[in-house]
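Here is the structure we will look at, set down as structure tokens.
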Amino acid sequence: MKQAVCDFAVPTQGKGLYEFTGDVVSWVRQQRLATGLLTLFCRHTSASLVIQENADPDVQADLASALDRLAPEDRRLYIHTMEGPDDMPAHIRSVLCGVQLSIPLIAGRLALGTWQGIYLFEHRASPHRRSVAAHLLGE
């Protein structure tokens, strides 16, 4: 068994989905493994990781809109408000979407579907430089 680790930096410009599939696929190829498991972990409590459709940008807009309805930015709804009106909703959204992904490696390729991409889902309004830890285990 071989292990490899990497830290992906994902710059954001505020709320939205930021695809970094190409960076992940490139790094996995460099490891030259045939079979294994990739784990990705977002090191933040106000951003998420998702696997989502990468063909139609309307999907991303609809996802963002749905999360806005589920966790609205309304200070009257939350006790934790000292970091701004988008902070507590961002924490809720990260709980709903999750911060970790596991993707099988089969025949040297990530087992993503045709229209699937790996995204960091930024839930804060301000730009950030997000960190995603990667761990690949395989042979």
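The values are calculated or read from the model by the stated rules, or taken from the named source; none is laboratory data. Everything numeric here is computed off the predicted structure, so don't read it as measured data. As a convention, Cβ positions derive from the backbone with ideal geometry for all residues, glycine included, and neighbour counts pool all protein chains shown.
Brief remarks follow.
- Residue tally, condition farther than 19 Å from Ile92 by Cβ, surrounded by fewer than 16 Cβ atoms within 10 Å (Cβ to Cβ) and touching a residue at least 12 places away in the same chain (Cβ under 8 Å), over the stretch 52-70: 1
- With respect to the stated conditions, Ser126 is over 12 Å from the mean Cα position of the chain (by Cα), among the hydroxyl-bearing types (Ser, Thr, Tyr), more than 18 Å from Gly36 (Cβ to Cβ) and at pLDDT 95 or above.
- For the stretch 82-95, the tally of residues that are over 18 Å from Arg130 (Cα atoms) and touching a Ser or Thr at 6+ places or on another chain (Cβ under 8 Å) stands at 0.
- Selected residue (only one of Thr45, Thr21 is out of contact with any strand residue (DSSP E or B) (no Cβ under 7 Å at 6 or more places or on another chain) and either surrounded by fewer than 16 Cβ atoms within 10 Å (Cβ to Cβ) or not acidic (Asp, Glu) (or both)): Thr45
- Within the stretch 82-114, considering residues that are outside any strand (DSSP E or B) and charged (D, E, K, R), the one surrounded by the fewest Cβ atoms within 10 Å (Cβ to Cβ): Glu83
- Of the residues making up the stretch 2-15, just one is within 16 Å of Ile51 (Cβ to Cβ) and not β-branched (Val, Ile, Thr), namely Phe8.
- Of the residues making up the stretch 75-87, just one is within 19 Å of Ser65 (Cβ to Cβ) and without any contact (Cβ under 8 Å) to a residue 12 or more places away in the chain, namely Leu77.
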